[in-house]
Amino acid sequence: MRTLRLAVAGLGRLGFRHAENVAFRLPGVELAAVCSLNPQELERAAQAFPTAARYADFDQMLRHDGLDGVVICTPSSLHVAQIEAALRAGLHVFSEKPLGVTAEECQHAERVVAEHPNQVFLLGFMRRFDPHYLYAKRLIEEGRIGKPFLVRSYSLDPIASLESVLRYIPHSGGLFLDMAVHDIDLANWYLGGSPVSAYAVGGSFSSPEFARYGDADNACLVLQYGGGEMAFIYAGRTAAHGYHIETEIVGTQGMLRVSSVPQKNLVQIFEGRGVLQECVGGFLERFEAAYLHELHEFVRCVRSGCQPEITVHDGTLATRVALAATASFKERRLVEL
Ligand SMILES: NC(=O)c1ccc[n+]([C@@H]2O[C@H](COP(=O)([O-])OP(=O)(O)OC[C@H]3O[C@@H](n4cnc5c(N)ncnc54)[C@H](O)[C@@H]3O)[C@@H](O)[C@H]2O)c1
């Protein structure tokens, strides 16, 4: 089996984890190159991945000799241009979510991906690779809850990471595109379609910084689908107890809940204040397995010449809904899609 040579662009909060997974946890794969604008991150990479070439320029990295693919984990507004450059350079592409930050650039990405049918494109909606979300999907497909008609989904960052989130807000794309986009994709996946209307409300309750960027630190979104199905999504940046990702799927004959208590592990602490269950601390901890599984799937697709189940169009749909939610929140109106 030939060694696959991958590069990772972006070595920030998530990119470094992707680089570790590529370097150490994917059999038959080599981390050939990394790229970051941040010299400290490149220095850290030099220590962690001494054999990987280091670049401060994405296009130069694409010209690195013998690359097979690239993992894009740069700010969301760069994804589409970098996806295009990498595909045109003949590489397979894994890109972090969201696909793009405007509907037009998502449509452009769809055209570019369609022009390169023999190269793999995988969009990192990692919840679809989480064993618990996959289990729920299988139960739905087996008919265990009848026909699903409502998804209720929460994505809450811990208030403990507010400082790092505040640094990240200017290029995050906003709460709906950055956080709720995961729940939107899940709702589309479980309900089988995409919404026809969106209504969102929200506010800055903990930090005025969010309002300064026209963003919210906590917001709710109600979606309605073509067959009348519904989704209720709550996204926030200020959960006191930790990183809280919870999803409920209600069907005509039952309902499923995934992680209604976002517990860190199975240990319960019985002590003076009562019985405690510690909470997951952040996305790297909660989705550790999913981040690895999505890269395994990327490699499997590259080796077998097939395309992943998640399509570039799924990325467009999720971005369009997130943008509709943002418009609804800012303009205080129902947005038809
Ligand atoms: N799937 C998830 O759960 C999840 C979690 C966090 C972040 N993300 C996504 O990952 C992406 C990165 O997020 P982050 O939190 O790691 O960001 P970050 O700000 O921590 O890191 C961004 C990285 O991109 C690099 N970069 C910036 N401009 C560049 C350029 N022109 N060329 C090459 N590199 C460049 C920076 O040097 C840095 O290394 C975002 O799109 C975000 O939505 C996804």
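Assuming a viscosity of 0.890 mPa s and a temperature of 25 °C, what translational diffusion coefficient in µm² per second does Stokes-Einstein assign to segment 74-115, Rh being the Kirkwood radius over Cα pairs?
242 µm²/s
Rounded to two decimals, what is the ratio between the C-alpha radius of gyration of the chain and 2.2 N^0.38 Å?
Taking the Cα Rg and dividing by 2.2 N^0.38 Å, one obtains 0.99.
Work out, in µm²/s and without decimals, the Stokes-Einstein translational diffusion coefficient of segment 82-150 at 25 °C, 0.890 mPa s, Rh from Kirkwood over C-alpha pairs.
Result for D is 173 µm²/s.
Between segment 1-55 and segment 109-145, what's the alpha-carbon centroid distance in Å?
If we compute the Cα centre of each part, the gap is 24 Å.
Stokes-Einstein at 20 °C, 1.002 mPa s, Kirkwood radius from Cα pairs: D for segment 1-53 in µm² s⁻¹?
Numbers: Rh = 10.9 Å.
Value of D from the Cα-based Kirkwood radius: 196 µm²/s.
Let me see the P(r) profile for segment 1-139: every Cα-Cα distance counted, bins of 10 Å, each bin given as a percent of all pairs.
The calculated distribution, bin by bin, is 12, 42, 34, 11, 1.
For the chain, give the magnitude of the charge dipole about the Cα centre (Cβ charges: +1 Lys/Arg, -1 Asp/Glu; no others), in debye to the nearest 20.
360 debye
Test of understanding: in a Gaussian network model of the chain with alpha carbons linked when under 10 Å, which of R111, R127, R286 would top the mean-square fluctuation ranking?
R111
Return an integer: the convex hull volume of the alpha-carbon atoms of segment 235-337, in Å³ per residue. Walk me through the intermediate numbers first.
Values: hull volume 20.8 nm³, N = 103.
Spread over its residues, the Cα hull of segment 235-337 gives 202 Å³ apiece.
Using a probe radius of 1.4 Å on heavy atoms only, what accessible surface per residue do you get for segment 111-161? Whole Å² is fine.
Value for segment 111-161: 46 Å² per residue.
Can you give the charge dipole size of segment 1-126 about its Cα centre, rounded to the nearest 20 debye, using +1 on the beta carbon of Lys and Arg and -1 on the beta carbon of Asp and Glu? The partial results should precede the final answer.
Details: 11 positive and 14 negative charges, 73 e Å.
Its charge dipole is roughly 360 debye.
Sequence neighbours fewer than 8 away in the same chain don't count; with that in mind, list the lysines whose C-alpha is under 26 Å from K147.
Within the straight-line cut-off, K147 pairs with K137.
Over all distinct alpha-carbon pairs, what is the Kirkwood Rh of segment 163-283 in angstrom?
16.3 Å
For labels at R212 and R333 in the simple 7 Å Cα→Cβ model, what's the distance in nm?
About 3.0 nm separates the two model spin labels.
Using 0.36 nm per residue, how much length does the chain from R2 to A89 gain when fully extended, once their Cα-Cα distance is taken away?
29.3 nm
For the chain, modelled as a Gaussian network with Cα springs under 10 Å, which listed residue fluctuates most, E141, E246, E229?
E141
In segment 1-89, with Lys and Arg counted as +1 and Asp and Glu as -1 at Cβ, which of these residues, P27, L6, H64, has the Cα nearest the positive end of the dipole, that is, farthest along it?
Of the options given, the answer is P27.
Which percent of the accessible area of segment 150-298 is formed by carbon and sulfur heavy atoms (probe 1.4 angstrom)? Present the calculation step by step, with values, prior to reporting the outcome.
On the way: 3560 of 6310 Å².
Accessible surface attributable to carbon and sulfur in segment 150-298 totals 56 percent.
Based on the alpha-carbon set only, what is the convex hull volume of segment 83-230 divided per residue, in Å³?
Dividing the Cα hull volume of segment 83-230 by its residues yields 151 Å³.
Just the C-alpha atoms of segment 28-80: what Rg/Rh do they give, with Rh taken as the Kirkwood radius?
Rg divided by Rh gives 0.94.
For the charge dipole of the chain, defined by +1 on Lys and Arg C-beta atoms and -1 on Asp and Glu C-beta atoms about the Cα centroid, which residue among V321, A45, S259 has the Cα displaced farthest towards the positive pole?
Farthest towards the positive end: S259.
Can you name the helices of the chain, as whole DSSP H runs, whose Cα span along the helix axis is 20 Å or more and whose Kyte-Doolittle mean is not below -1.0?
Taking the DSSP H segments of the chain (at least 20 Å long, mean hydropathy at least -1.0), we get 288-304, 312-331.
Give me the accessible area per residue for segment 169-270, probe 1.4 Å, as a whole number in Å².
So segment 169-270 comes to 40 Å² accessible per residue, rounded to a whole number.
Who wins for biggest fluctuation among C106, C73, C279 in a Gaussian network model of the chain, springs between alpha carbons below 10 Å?
Among C106, C73, C279, the largest mean-square fluctuation in the Gaussian network model of the chain belongs to C279.
What is the mean projected area of the alpha carbon convex hull for segment 277-337, to one decimal in square nanometres?
Average projection, Cα convex hull of segment 277-337: 7.0 nm².
Quick check: residue separation of N38 and I269 times 0.36 nm, minus the Cα distance between them. What number comes out in nm? Before the final figure, lay out each step's value.
Working: separation 231, 0.36 × 231 = 83.16 nm, distance 4.10 nm.
So the extension gain works out to 79.1 nm.
The values are calculated or read from the model by the stated rules, or taken from the named source; none is laboratory data. Quick caveat: nothing in here was measured; it's all calculated off a predicted structure. Here the Cβ is made from the backbone with ideal geometry for all residues, glycine too, and neighbour counts use every protein chain on show. Only protein heavy atoms, including side chains, enter the accessible area calculation; ligands, DNA and RNA are left aside. Shrake-Rupley method; radii C 1.70, N 1.55, O 1.52, S 1.80 Å.
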